[in-house]
Amino acid sequence: MTILDGKKVSNDIKDEITEQVTKMKARGERVPHLAAIIVGNDGASLTYVGSKVRACERVGFESTLVKMSSTTSEVELLDKIKELNNNSQIDGYIVQLPLPDQIDTQKVLLAVNPDKDVDGFHPTNFGKMALDMTTFIPATPFGILELLDRYGVETSGKHTVVIGRSHIVGRPMSILMGRKGFPGNSTVTLTHSHTKNITQITSQADIIISALGVPNFLKAEMVKDDVVIIDVGITRVADDTKEKGYRITGDVDFVNVSKKASYITPVPGGVGPMTIAMLLKNTLLACERHRKK
Ligand code: NAP
(Lines give C-alpha, C1' and ligand atoms only; values in the text may rest on other atoms or scores of the structure.)
Protein backbone atom coordinates (compact mmCIF):
# COMPACT_ATOMS: atom_id res chain seq x y z
CA MET A 1 0.00 0.00 0.00
CA THR A 2 1.28 3.43 -0.97
CA ILE A 3 0.27 6.61 0.83
CA LEU A 4 -0.56 9.40 -1.61
CA ASP A 5 1.32 12.04 0.32
CA GLY A 6 -0.39 15.35 -0.44
CA LYS A 7 1.76 17.21 2.03
CA LYS A 8 4.95 16.21 0.24
CA VAL A 9 3.60 16.67 -3.29
CA SER A 10 2.07 20.05 -2.43
CA ASN A 11 5.44 21.18 -1.06
CA ASP A 12 7.11 20.02 -4.29
CA ILE A 13 4.57 22.04 -6.29
CA LYS A 14 5.11 25.10 -4.09
CA ASP A 15 8.89 24.77 -4.62
CA GLU A 16 8.32 24.60 -8.40
CA ILE A 17 6.12 27.70 -8.27
CA THR A 18 8.68 29.54 -6.10
CA GLU A 19 11.29 28.80 -8.75
CA GLN A 20 9.06 30.27 -11.46
CA VAL A 21 8.38 33.38 -9.36
CA THR A 22 12.11 33.86 -8.79
CA LYS A 23 12.63 33.75 -12.57
CA MET A 24 9.80 36.26 -13.09
CA LYS A 25 11.41 38.64 -10.61
CA ALA A 26 14.79 38.23 -12.31
CA ARG A 27 13.15 39.22 -15.62
CA GLY A 28 11.70 42.30 -13.90
CA GLU A 29 8.13 41.03 -14.26
CA ARG A 30 5.31 41.60 -11.80
CA VAL A 31 4.75 38.58 -9.52
CA PRO A 32 1.34 36.83 -9.40
CA HIS A 33 -1.19 38.48 -7.11
CA LEU A 34 -4.05 36.54 -5.47
CA ALA A 35 -6.87 38.22 -3.55
CA ALA A 36 -9.40 36.58 -1.24
CA ILE A 37 -12.71 37.99 -0.06
CA ILE A 38 -14.10 36.71 3.20
CA VAL A 39 -17.50 37.78 4.48
CA GLY A 40 -18.19 37.20 8.20
CA ASN A 41 -16.28 35.46 10.97
CA ASP A 42 -16.80 31.73 10.37
CA GLY A 43 -13.88 30.00 12.14
CA ALA A 44 -13.20 27.34 9.50
CA SER A 45 -13.40 29.89 6.66
CA LEU A 46 -10.96 32.22 8.44
CA THR A 47 -8.57 29.29 8.89
CA TYR A 48 -8.80 28.33 5.19
CA VAL A 49 -8.29 31.90 3.99
CA GLY A 50 -5.39 32.35 6.43
CA SER A 51 -3.63 29.31 5.00
CA LYS A 52 -4.15 30.59 1.45
CA VAL A 53 -2.55 33.93 2.33
CA ARG A 54 0.39 32.17 4.06
CA ALA A 55 0.82 29.92 1.00
CA CYS A 56 1.11 33.05 -1.18
CA GLU A 57 3.89 34.36 1.05
CA ARG A 58 5.64 30.98 0.89
CA VAL A 59 5.91 31.06 -2.94
CA GLY A 60 6.58 34.81 -3.30
CA PHE A 61 3.13 35.85 -4.59
CA GLU A 62 1.49 39.07 -3.56
CA SER A 63 -1.78 38.61 -1.71
CA THR A 64 -4.65 40.82 -0.62
CA LEU A 65 -7.18 39.78 1.99
CA VAL A 66 -10.50 41.61 1.82
CA LYS A 67 -12.42 41.16 5.07
CA MET A 68 -16.08 42.18 5.05
CA SER A 69 -18.50 42.10 7.98
CA SER A 70 -21.19 39.42 8.35
CA THR A 71 -23.84 42.12 7.72
CA THR A 72 -22.41 42.98 4.28
CA SER A 73 -25.19 43.35 1.70
CA GLU A 74 -25.23 41.62 -1.68
CA VAL A 75 -24.78 45.00 -3.42
CA GLU A 76 -21.73 45.83 -1.30
CA LEU A 77 -20.13 42.49 -2.11
CA LEU A 78 -20.92 42.83 -5.83
CA ASP A 79 -19.30 46.31 -5.77
CA LYS A 80 -16.16 44.82 -4.23
CA ILE A 81 -16.13 42.13 -6.92
CA LYS A 82 -16.40 44.77 -9.62
CA GLU A 83 -13.44 46.55 -8.05
CA LEU A 84 -11.32 43.37 -8.15
CA ASN A 85 -12.42 42.60 -11.72
CA ASN A 86 -11.19 46.07 -12.77
CA ASN A 87 -7.93 45.99 -10.81
CA SER A 88 -5.24 45.09 -13.34
CA GLN A 89 -2.76 44.36 -10.53
CA ILE A 90 -4.80 41.36 -9.35
CA ASP A 91 -4.47 38.18 -11.41
CA GLY A 92 -7.03 36.07 -9.63
CA TYR A 93 -9.27 36.05 -6.60
CA ILE A 94 -11.53 33.80 -4.62
CA VAL A 95 -14.71 34.44 -2.70
CA GLN A 96 -14.55 32.21 0.36
CA LEU A 97 -17.75 30.16 0.76
CA PRO A 98 -20.17 29.83 2.47
CA LEU A 99 -21.59 33.34 2.25
CA PRO A 100 -24.11 34.72 4.77
CA ASP A 101 -27.82 34.04 4.05
CA GLN A 102 -28.60 37.57 2.80
CA ILE A 103 -26.26 37.03 -0.18
CA ASP A 104 -27.15 34.96 -3.26
CA THR A 105 -24.04 32.80 -3.84
CA GLN A 106 -24.95 32.06 -7.48
CA LYS A 107 -25.22 35.78 -8.27
CA VAL A 108 -21.82 36.40 -6.68
CA LEU A 109 -20.05 33.57 -8.50
CA LEU A 110 -21.53 34.79 -11.81
CA ALA A 111 -20.11 38.27 -11.17
CA VAL A 112 -16.52 37.04 -10.96
CA ASN A 113 -14.56 37.73 -14.16
CA PRO A 114 -13.92 34.20 -15.58
CA ASP A 115 -10.32 35.26 -16.41
CA LYS A 116 -9.72 35.85 -12.69
CA ASP A 117 -11.79 32.91 -11.44
CA VAL A 118 -8.91 30.85 -10.03
CA ASP A 119 -11.39 28.68 -8.11
CA GLY A 120 -12.86 27.57 -11.45
CA PHE A 121 -16.44 27.95 -10.17
CA HIS A 122 -17.78 30.27 -12.91
CA PRO A 123 -20.12 28.49 -15.38
CA THR A 124 -17.90 29.65 -18.27
CA ASN A 125 -14.92 27.87 -16.75
CA PHE A 126 -16.96 24.85 -15.67
CA GLY A 127 -18.33 24.54 -19.22
CA LYS A 128 -14.85 24.83 -20.71
CA MET A 129 -13.62 22.12 -18.34
CA ALA A 130 -16.45 19.82 -19.45
CA LEU A 131 -15.51 20.49 -23.10
CA ASP A 132 -11.77 19.77 -22.54
CA MET A 133 -10.87 23.41 -23.24
CA THR A 134 -8.07 25.31 -21.49
CA THR A 135 -9.46 26.79 -18.30
CA PHE A 136 -9.12 26.90 -14.51
CA ILE A 137 -9.91 23.48 -13.05
CA PRO A 138 -11.38 23.81 -9.53
CA ALA A 139 -8.52 23.49 -7.06
CA THR A 140 -9.57 20.32 -5.21
CA PRO A 141 -10.27 18.21 -8.34
CA PHE A 142 -7.09 19.68 -9.93
CA GLY A 143 -5.15 18.56 -6.84
CA ILE A 144 -6.56 15.03 -7.05
CA LEU A 145 -5.59 14.78 -10.75
CA GLU A 146 -2.10 15.99 -9.88
CA LEU A 147 -1.71 13.38 -7.11
CA LEU A 148 -2.84 10.58 -9.44
CA ASP A 149 -0.49 11.89 -12.12
CA ARG A 150 2.61 12.26 -9.94
CA TYR A 151 2.18 8.80 -8.40
CA GLY A 152 1.46 7.30 -11.84
CA VAL A 153 -1.82 5.75 -10.68
CA GLU A 154 -3.44 4.00 -13.66
CA THR A 155 -6.92 5.41 -14.38
CA SER A 156 -7.51 4.27 -17.96
CA GLY A 157 -10.20 1.62 -18.27
CA LYS A 158 -10.72 1.63 -14.50
CA HIS A 159 -14.08 1.93 -12.79
CA THR A 160 -14.04 5.15 -10.76
CA VAL A 161 -16.80 5.70 -8.21
CA VAL A 162 -17.27 9.27 -6.99
CA ILE A 163 -19.27 9.72 -3.78
CA GLY A 164 -20.91 13.15 -3.55
CA ARG A 165 -22.00 15.44 -6.41
CA SER A 166 -21.12 18.91 -5.09
CA HIS A 167 -20.31 21.57 -7.70
CA ILE A 168 -16.83 22.03 -6.24
CA VAL A 169 -15.64 18.42 -5.89
CA GLY A 170 -17.85 15.45 -6.84
CA ARG A 171 -19.43 16.75 -10.05
CA PRO A 172 -16.22 18.13 -11.62
CA MET A 173 -14.31 15.04 -10.49
CA SER A 174 -16.79 12.78 -12.28
CA ILE A 175 -16.31 14.79 -15.49
CA LEU A 176 -12.52 14.88 -15.24
CA MET A 177 -12.08 11.17 -14.56
CA GLY A 178 -14.23 10.33 -17.58
CA ARG A 179 -12.52 12.66 -20.04
CA LYS A 180 -10.00 11.56 -22.67
CA GLY A 181 -6.38 11.39 -21.54
CA PHE A 182 -4.48 10.84 -18.33
CA PRO A 183 -5.62 11.03 -15.62
CA GLY A 184 -8.98 10.10 -17.13
CA ASN A 185 -10.37 7.47 -19.49
CA SER A 186 -12.18 5.99 -16.51
CA THR A 187 -15.68 4.57 -16.52
CA VAL A 188 -17.34 6.76 -13.91
CA THR A 189 -20.24 6.20 -11.54
CA LEU A 190 -21.39 9.32 -9.67
CA THR A 191 -23.21 8.51 -6.42
CA HIS A 192 -25.11 10.71 -3.95
CA SER A 193 -27.56 10.54 -1.07
CA HIS A 194 -30.29 9.01 -3.27
CA THR A 195 -28.08 6.18 -4.52
CA LYS A 196 -29.45 2.77 -3.62
CA ASN A 197 -27.17 -0.11 -2.52
CA ILE A 198 -24.03 2.01 -2.51
CA THR A 199 -21.94 -0.87 -1.12
CA GLN A 200 -22.74 -2.89 -4.24
CA ILE A 201 -21.32 -0.04 -6.32
CA THR A 202 -18.27 0.83 -4.20
CA SER A 203 -17.28 -2.83 -3.92
CA GLN A 204 -16.88 -2.93 -7.73
CA ALA A 205 -14.74 0.22 -7.85
CA ASP A 206 -11.08 0.30 -8.84
CA ILE A 207 -10.85 3.94 -7.69
CA ILE A 208 -13.07 5.61 -5.08
CA ILE A 209 -13.16 9.38 -4.66
CA SER A 210 -15.12 10.15 -1.53
CA ALA A 211 -16.43 13.69 -1.02
CA LEU A 212 -19.48 13.56 1.20
CA GLY A 213 -18.31 14.84 4.60
CA VAL A 214 -19.47 11.91 6.75
CA PRO A 215 -16.65 10.69 9.04
CA ASN A 216 -15.69 7.03 8.55
CA PHE A 217 -18.49 6.49 6.00
CA LEU A 218 -16.42 4.21 3.74
CA LYS A 219 -15.68 0.94 5.55
CA ALA A 220 -13.38 -1.94 4.62
CA GLU A 221 -16.33 -4.22 3.75
CA MET A 222 -17.45 -1.68 1.11
CA VAL A 223 -14.26 -1.91 -0.99
CA LYS A 224 -12.40 -4.57 -2.93
CA ASP A 225 -8.71 -5.48 -2.63
CA ASP A 226 -6.18 -3.12 -4.28
CA VAL A 227 -8.66 -0.26 -4.52
CA VAL A 228 -7.31 3.30 -4.91
CA ILE A 229 -8.83 5.61 -2.28
CA ILE A 230 -9.02 9.39 -2.50
CA ASP A 231 -10.54 10.79 0.69
CA VAL A 232 -11.68 14.39 0.22
CA GLY A 233 -13.73 14.61 3.42
CA ILE A 234 -12.73 17.11 6.09
CA THR A 235 -14.94 17.03 9.18
CA ARG A 236 -14.15 18.50 12.58
CA VAL A 237 -14.92 15.88 15.24
CA ALA A 238 -14.92 16.89 18.93
CA ASP A 239 -11.81 15.54 20.68
CA ASP A 240 -10.89 16.62 24.22
CA THR A 241 -7.40 15.17 23.88
CA LYS A 242 -6.56 17.84 21.26
CA GLU A 243 -5.56 21.37 22.16
CA LYS A 244 -8.13 22.81 19.74
CA GLY A 245 -10.86 20.54 21.12
CA TYR A 246 -11.37 18.77 17.78
CA ARG A 247 -9.60 16.61 15.22
CA ILE A 248 -9.95 16.49 11.44
CA THR A 249 -11.54 13.31 10.11
CA GLY A 250 -11.99 12.06 6.57
CA ASP A 251 -14.82 10.04 5.00
CA VAL A 252 -12.83 6.82 5.08
CA ASP A 253 -12.14 4.36 7.91
CA PHE A 254 -8.44 4.73 7.18
CA VAL A 255 -7.12 2.08 9.60
CA ASN A 256 -9.13 -0.75 8.05
CA VAL A 257 -9.56 0.42 4.45
CA SER A 258 -5.82 1.07 4.07
CA LYS A 259 -5.21 -2.66 4.69
CA LYS A 260 -7.03 -3.44 1.41
CA ALA A 261 -5.98 -0.42 -0.65
CA SER A 262 -3.16 -0.15 -3.19
CA TYR A 263 -3.02 3.66 -2.82
CA ILE A 264 -4.73 5.86 -0.24
CA THR A 265 -4.75 9.53 0.79
CA PRO A 266 -4.53 10.25 4.52
CA VAL A 267 -6.62 12.91 6.28
CA PRO A 268 -5.07 15.28 7.12
CA GLY A 269 -2.13 15.45 4.73
CA GLY A 270 -3.77 14.12 1.56
CA VAL A 271 -6.12 16.12 -0.64
CA GLY A 272 -6.30 19.17 1.69
CA PRO A 273 -2.77 20.54 1.11
CA MET A 274 -3.08 19.81 -2.63
CA THR A 275 -6.08 22.14 -2.87
CA ILE A 276 -4.05 25.16 -1.77
CA ALA A 277 -1.09 24.24 -3.99
CA MET A 278 -3.39 24.06 -7.03
CA LEU A 279 -5.00 27.39 -6.18
CA LEU A 280 -1.50 28.86 -6.37
CA LYS A 281 -0.93 27.06 -9.66
CA ASN A 282 -4.15 28.51 -11.09
CA THR A 283 -3.03 31.99 -9.96
CA LEU A 284 0.30 31.52 -11.71
CA LEU A 285 -1.57 30.41 -14.86
CA ALA A 286 -3.85 33.46 -14.59
CA CYS A 287 -0.83 35.75 -14.33
CA GLU A 288 0.82 34.14 -17.37
CA ARG A 289 -2.41 34.40 -19.39
CA HIS A 290 -2.88 38.07 -18.46
CA ARG A 291 0.69 38.83 -19.53
CA LYS A 292 0.09 37.24 -22.96
CA LYS A 293 -3.03 39.37 -23.58
P1 NAP B 1 -21.32 18.87 -0.03
O2 NAP B 1 -21.78 20.07 -0.75
O3 NAP B 1 -21.19 18.92 1.46
O4 NAP B 1 -22.24 17.68 -0.47
C5 NAP B 1 -22.10 16.38 0.01
C6 NAP B 1 -22.43 15.39 -1.07
O7 NAP B 1 -22.42 14.10 -0.48
C8 NAP B 1 -23.82 15.59 -1.68
O9 NAP B 1 -23.76 15.42 -3.08
C10 NAP B 1 -24.66 14.51 -1.02
O11 NAP B 1 -25.71 14.01 -1.84
C12 NAP B 1 -23.62 13.43 -0.83
N13 NAP B 1 -24.00 12.53 0.27
C14 NAP B 1 -24.39 12.86 1.52
N15 NAP B 1 -24.67 11.74 2.23
C16 NAP B 1 -24.47 10.70 1.40
C17 NAP B 1 -24.59 9.30 1.53
N18 NAP B 1 -24.98 8.73 2.68
N19 NAP B 1 -24.29 8.51 0.47
C20 NAP B 1 -23.86 9.06 -0.71
N21 NAP B 1 -23.74 10.38 -0.89
C22 NAP B 1 -24.04 11.20 0.14
O23 NAP B 1 -19.91 18.38 -0.63
P24 NAP B 1 -18.49 19.08 -0.68
O25 NAP B 1 -18.61 20.55 -0.54
O26 NAP B 1 -17.85 18.47 -1.85
O27 NAP B 1 -17.79 18.55 0.65
C28 NAP B 1 -17.65 17.17 0.92
C29 NAP B 1 -16.55 16.97 1.94
O30 NAP B 1 -15.31 17.35 1.35
C31 NAP B 1 -16.68 17.84 3.19
O32 NAP B 1 -16.17 17.12 4.29
C33 NAP B 1 -15.78 19.02 2.89
O34 NAP B 1 -15.28 19.64 4.05
C35 NAP B 1 -14.68 18.35 2.13
N36 NAP B 1 -13.91 19.22 1.23
C37 NAP B 1 -12.57 19.11 1.27
C38 NAP B 1 -11.79 19.86 0.43
C39 NAP B 1 -10.31 19.71 0.47
O40 NAP B 1 -9.59 20.60 0.13
N41 NAP B 1 -9.80 18.56 0.90
C42 NAP B 1 -12.38 20.74 -0.47
C43 NAP B 1 -13.77 20.81 -0.53
C44 NAP B 1 -14.54 20.03 0.33
P45 NAP B 1 -26.95 14.95 -2.33
O46 NAP B 1 -26.40 15.75 -3.48
O47 NAP B 1 -27.96 13.98 -2.75
O48 NAP B 1 -27.32 15.80 -1.16
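As an exercise, use a Förster radius of 25 Å and the Cβ-Cβ distance of Glu57 and Glu288 to find the FRET efficiency, rounded to the nearest 0.05. Walk me through the numbers before you get to the answer.
Numbers: r = 20 Å, r/R0 = 0.81.
The computed FRET efficiency comes out at 0.80.
A probe of 1.4 angstrom, applied to the heavy atoms of all protein chains, finds Ile144 with accessible area near 0 square angstrom. For the stretch 216-274, the Kirkwood radius over C-alpha pairs fed into Stokes-Einstein at 25 °C and 0.890 mPa s yields D = 205 µm² per second. The distance separating the Cα centre of the stretch 146-176 from that of the stretch 1-58 comes to 23 Å. With respect to the cross-link table entries Lys158/Lys259; Lys8/Lys158; Lys82/Lys244, which display a Cα-Cα separation exceeding 30 Å? Among Lys158/Lys259; Lys8/Lys158; Lys82/Lys244, the Cα-Cα distance tops 30 Å for Lys82/Lys244.
Measuring with a 1.4 angstrom probe and ignoring ligands and nucleic acids, Phe254 comes out at about 70 Å² accessible.
Can you give me the Kirkwood hydrodynamic radius for the stretch 57-110, using every pair of distinct Cα atoms, in Å to one decimal?
Numbers: mean 1/r = 0.0804 Å⁻¹.
Roughly 12.4 Å, rounded to one decimal.
In the stretch 179-227, a dipole from Cβ-located charges (positive for Lys and Arg, negative for Asp and Glu) runs towards its positive end, and of Asn185, Leu218, Thr199 it is Asn185 whose Cα lies farthest in that direction. You can think of it this way: the chain between Glu19 and Ser262 has 84.2 nm of extra reach, that is 0.36 nm per residue less the Cα-Cα gap. Restricting the stretch 169-235 to trypsin sites (Lys or Arg not before Pro) that sit in a DSSP loop and have at most 14 other Cβ atoms within 10 Å of their own Cβ leaves Lys180, Lys196, Lys219, Lys224.
Placing dummy labels 7 Å off each Cα toward the beta-carbon, the span from Ala130 to Gln89 is 3.8 nm.
In nm, what is the difference between 0.36 nm times the number of residues separating Asn185 and Val75 and their Cα-Cα distance? Walk me through the numbers before you get to the answer.
Numbers: separation 110, 0.36 × 110 = 39.60 nm, distance 4.33 nm.
Value of the extension gain: 35.3 nm.
Ellipsoid fit via the Cα gyration tensor, the stretch 108-181: semi-axes of 23, 12, 11 Å, each the root of five times an eigenvalue, largest first. Ligands, DNA and RNA left out, the 1.4 Å accessible surface of the chain is 51% carbon and sulfur atoms. Remark: the stretch 112-227 carries 43 Å² of accessible area per residue (probe radius 1.4 Å; ligands, DNA and RNA excluded).
When only alpha carbons of the stretch 41-80 are considered, Rg and Dmax amount to 12.3, 34 Å. Per-residue surface analysis assigns Arg165 an accessible area of about 100 Å², computed on protein heavy atoms at 1.4 Å probe radius.
Under the simplified labelling scheme, the Asp101-Val214 pair shows an inter-label distance of 2.6 nm, with each label point 7 Å from Cα along Cα→Cβ. A 1.4 Å probe run over the stretch 1-90, with the rest of the protein chains in place, finds 53 Å² accessible per residue.
Using 1/(1 + (r/R0)^6) with R0 = 25 angstrom and r between the beta carbons of Thr47 and Asn113, what's the FRET efficiency to the nearest 0.05? Working shown, then result.
Values: r = 27 Å, r/R0 = 1.07.
Once rounded, the FRET efficiency stands at 0.40.
Largest first, the residues Phe142, Phe217 sort by 1.4 Å accessible area into Phe217, Phe142.
How do Asp101, Asp115, Asp239 rank by accessible surface area computed with a 1.4 Å probe, from largest to smallest? Intermediate values should be presented prior to the final figure.
Working: Asp101 155, Asp115 65, Asp239 25 Å².
From most accessible down to least: Asp101, Asp115, Asp239.
Overall form of the stretch 154-293: oblate. Here a/c, set by the Cα gyration tensor axes a ≥ b ≥ c, is 1.5 or more, and a/b is not larger than b/c. Let me know the shape class of the stretch 7-98, please: from the alpha-carbon gyration tensor, a ≥ b ≥ c as square roots of the eigenvalues, rounded when a/c is under 1.5, otherwise prolate if a/b is greater than b/c, or oblate. Since a/c reaches 1.5 but b/c is at least a/b, the shape of the stretch 7-98 is classed as oblate. Residues Leu279, Leu212, sorted by accessible area with the largest first, give Leu212, Leu279 [1.4 Å probe; ligands and nucleic acids excluded].
Among the DSSP helices (H) of the chain, those spanning at least 20 angstrom by Cα along their long axis with an average Kyte-Doolittle hydropathy of -1.0 or more are 43-59, 271-292; this is a geometric and hydropathy rule only. What whole number of Å gives the distance from the Cα centroid of the stretch 249-293 to the Cα centroid of the stretch 101-127? That distance is 21 Å. Projected over every direction and averaged, the convex hull enclosing the alpha-carbon atoms of the chain yields 15.8 nm².
Size of the dipole of the chain about the Cα centre, Lys and Arg at +1 and Asp and Glu at -1 on the beta carbon, nothing else charged, in debye to 20? Walk me through the numbers before you get to the answer.
Values: 36 positive and 34 negative charges, 96 e Å.
Value, rounded to 20: 460 debye.
Set Lys and Arg Cβ to +1 and Asp and Glu Cβ to -1, take the dipole of the stretch 151-281 about its Cα centre, and tell me which of Ala238, Val162, Val228 lies farthest positive. Positive-most Cα among the choices belongs to Val162.
The values are calculated or read from the model by the stated rules, or taken from the named source; none is laboratory data. Computed from a predicted model, the values in this text were never measured in an experiment. Counting neighbours? That spans all protein chains shown, and the Cβs are built from the backbone with ideal geometry, glycine included. Note: areas computed on protein heavy atoms with side chains; ligands, DNA, RNA excluded. Shrake-Rupley method; radii C 1.70, N 1.55, O 1.52, S 1.80 Å.
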